[in-house]
Amino acid sequence: MRRLFLVVFVVTMFACTLGPKQAKQPASAPTSTPVSIPTIAAAIPTNPSTSPQIKFRRPLGIYAHVDLTLLIKGQEKNNLDNLYQGLLANPAISGLVVGIHWDLVNPAPPSSPQAYDWSYVDDVFNQVSMWNQKNPSQAPKTVQFIVSGGFNSPPWLLDQIPSCDGLFQSPRQTPPSNCGKVTFTGYFEPADGPVLPLPWSSVYKSAFKTFLMALAARYEPKPAFVSIGIAGPTAASDEMILPRTGNTPDQTQFGGISPDAMWQKLLAFAYPNQPAYQNSVQAFIDEWDSAIDMYGQVFNGITLIVNPDVGGFPDFSQNFPAPPRTDSLYYNGDCPDADMNCAAVTMIISHFIDPSIDRADAKSNQTGGMKAFTSEKDLGVSGVKLLSGMTAQLGSSSQILGGEQFDHPFSSDASDEGCPTKDKCPADSISPEQAEYNVLRVFFDGTPAADSFGGTPGTVPLNYLQVFYEDVQYSTTHSNDPVQIVQSSGQSVSLTAQAMLNLTSQKLLQIAEDR
């Protein structure tokens, strides 16, 4: 769970729109398609409130985040069932957001008679269905998916992909021209192994699409399935993060080479005689655009979510070629500390929000890690709110929903998650309840519900919030144990963690789009 998200191509979305998708040409920097004002005029109704609305499944409310791979370690199935029922029974919870590692559910090649093991995911839906059937008078609980490949790819697939590790050995051993995986040790996110399929590996991309098609065929018919995060050219989550200098140490198994230097060698080998792809993140932009298109082809009628991270790509040079002037996001100050990373992410998001891209699903943007303090300008939580607010009056197929996710559990890491200052607060200096309040103030600020947590009211809609399941358990256990909370005004009030979850759920139902 990481931090940053950018404000996306909002100015362009409202002043103009992307024209028809053009064939991608090699370039010396991330490029954008020239905008066309007449196109947006034709695409957006002049009276959105009376225009036909497409009904998509959309996440709404608070979702308890569970990672299946982490949960099943040392857990009996009955314990998992009890966990799910306990979470679903919490009156503030709208459903579960389920982390699914590809290798957990696809242990053998598709040609195998036992290619897939859906039992753990089936169990989630069975428990949700059971709860819904027992509580017909209440709103049905729903399910969000976070499906991760990358380091979490199945071993059978990794065995099919030639390694590029020879590029970093001494003496160098030239790998096959179609090499498509590399070893990174010490990556900062939890992962199932150190071997990463490269984002441009055709074997990896084809296999991941085949898996997603099988997943969609099995779960898309279930009404409880409402959303999935776009992934693929990633490391260990659905966020736009790869091993890079800054989040992964120098690789001692290869003589101490830095991760960014490894990427430079990998790009030079994969794209020979193509200057646009040297010392550039163009390859990552290409693969993210392709992943967005692929998800739009595979899924239908649900919500697709992008979860970018500014700072997640390798950053080869501060002297990178500037994006073209048509990149309104970049040149309107949304990259105040302009670098290669921010320029790349603006280009990817501009592709995602293009109204001509995937009219069969709703779209949402969220942060992967919300805290009580952020130093970002026009990034992170504020970026989600800006795009959600600016598209709120459009038709459902053009709206970009807003959601957030806590970075860490407030119940066990309050001093980091809930600290309102740049430096981490001393351990035990903030109660879990105070941390929860501080983060919820950030979450609701600028929305019609902001004054409930001491923020400044506005008109921004938000649809959902993802919290760690441990925080839901804590809130349930301490539902009768109020704690003194210092509000933004300086006044104190006695609140429980559960009371704040209840209020958050109530306010989300009031301010969300498509409520």
Point-to-point label distance, LYS55-GLU220, nm (Cα→Cβ direction, 7 Å offset): 1.9 nm
Distance in nm between pseudo-label sites at THR421 and THR459 (7 Å out along the Cβ direction from Cα): 3.8 nm
Around SER494, what is the net charge, scoring Lys/Arg as +1 and Asp/Glu as -1 over all other residues with Cβ under 12 Å from its Cβ? -2
Using modelled backbone amide H atoms (1.01 Å from N, in-plane), which distant-in-sequence or interchain residues come within less than 5 Å of THR234's amide H? GLY150
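Any idea what the alpha-carbon Rg over 2.2 N^0.38 Å comes to for the range 66-112? All intermediate terms of the calculation are to be shown ahead of the outcome.
Numbers: Rg = 13.4 Å, N = 47, 2.2 N^0.38 = 9.5 Å.
For the range 66-112, the normalised Cα radius of gyration is 1.41.
If you filter the range 116-190 for trypsin sites (Lys or Arg not before Pro), then keep DSSP loop positions with at most 10 other Cβ within 10 Å, what is left? Walk me through the numbers on the way to the answer.
On the way: sites: LYS134, LYS141, ARG172, LYS181; in loops: LYS141, ARG172.
Passing both the DSSP loop test and the Cβ count: ARG172.
Once you keep just the Cα pairs under 8 angstrom separated by 6 or more residues, what percentage relative contact order results for the range 81-222? Don't skip to the end; give the middle numbers.
Values: 180 pairs, mean separation 30.2, N = 142.
Computed over the range 81-222, the figure is 21 percent.
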Short to long, in 10 Å steps from zero, the percent of alpha-carbon pairs of the range 107-180 per bin is 14, 27, 23, 18, 11, 6, 2
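Given Cα pairs under 8 Å that are at least 6 residues apart, what percent is the relative contact order of the range 202-304? Could the numbers behind the result be given before it?
Details: 75 pairs, mean separation 33.9, N = 103.
Relative contact order here is 33 percent.
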Project the alpha carbons of the range 416-515 onto their principal axes and report the range along each, largest first, in whole Å. 40, 29, 23
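Could you please report the charge total around ILE485, scoring K, R as +1 and D, E as -1 over all other residues with beta-carbon less than 11 angstrom from its beta-carbon?
Values: positive: ARG441; negative: GLU433, GLU436.
Charge balance near ILE485 sits at -1.
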In Hz, Karplus ³J(HN,Hα) per residue of the range 295-304 (6.51, -1.76, 1.60; θ = phi - 60°; x = Gly, Pro): 4, x, 7, 7, 9, 8, x, 10, 10, 9
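Would you mind calculating the gained length between ASN273 and SER129 on full extension (0.36 nm times residue separation, minus the Cα-Cα distance), in nm to one decimal?
Values: separation 144, 0.36 × 144 = 51.84 nm, distance 5.51 nm.
Full extension from ASN273 to SER129 adds 46.3 nm.
Computed FRET efficiency, Cβ-Cβ of ASP339 and GLN160, R0 25 Å: what is it to the nearest 0.05? Can you show the working numbers first?
Details: r = 35 Å, r/R0 = 1.42.
About 0.10, to the nearest 0.05.
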How large is ³J(HN,Hα) for each residue in the range 240-252, as worked out from phi by the Karplus curve 6.51 cos²θ - 1.76 cosθ + 1.60 (θ = phi - 60°), to whole Hz, x for Gly and Pro? 7, 10, 10, x, 7, 5, x, 10, 9, x, 4, 8, 5
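Order by neighbour count: ARG58, ARG359, fewest other Cβ atoms within 10 Å first, most last. List each step's numbers first, then the result.
Numbers: ARG58 22, ARG359 11.
So the residues, fewest neighbours to most, are ARG359, ARG58.
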Residue by residue, what Karplus-based ³J(HN,Hα) values in Hz, rounded to whole numbers, does the range 174-179 have, using 6.51, -1.76 and 1.60 with θ = phi - 60° and x for Gly and Pro? 4, x, x, 5, 9, 4
Could you list which residues have their amide H under 5 Å from that of ASP192, counting only those 5 or more apart in sequence or on another chain, with H placed in the peptide plane? ASN152
Which of the pairs LYS385/LYS422; LYS55/LYS385; LYS73/LYS371; LYS73/LYS507; LYS181/LYS424; LYS141/LYS385 have their Cα atoms more than 32 Å apart in this structure? LYS73/LYS507; LYS181/LYS424
Mind listing the long-range amide H neighbours of VAL97? Cut-off is under 5 Å, sequence gap 5 or more, other chains count too, H placed in the peptide plane at 1.01 Å from N. ALA64, HIS65, VAL66, GLN144
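Using the count of nearby Cβ atoms within 10 Å as a rough guide to exposure, how do LEU242, LEU212 rank from fewest to most? Don't skip to the answer; put the middle values down first.
Working: LEU242 25, LEU212 22.
Sorted ascending by nearby Cβ count, the order is LEU212, LEU242.
Would you mind getting me the FRET efficiency between SER137 and ASN78? Use the beta-carbon distance for r and R0 = 35 Å, nearest 0.05. Don't jump to the answer; show the numbers that get you there.
Values: r = 28 Å, r/R0 = 0.79.
Taking R0 as 35 Å, the efficiency between SER137 and ASN78 is 0.80.
FRET efficiency for THR210 and GLN114, Cβ-Cβ distance as r, R0 = 22 Å, nearest 0.05? Please report the intermediate quantities before stating the final value.
Working: r = 16 Å, r/R0 = 0.71.
The calculated FRET efficiency here is 0.90.
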Return THR421, THR477 ranked ascending by Cβ neighbour count within 10 Å, so the fewest neighbours appear first. THR421, THR477
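Coordinate-derived values only; no laboratory data. Keep in mind that what you see is a predicted model, and the values were worked out from it rather than measured. FYI the Cβ positions are ideal-geometry reconstructions off the backbone, even for glycines, and counts take in every protein chain you see.
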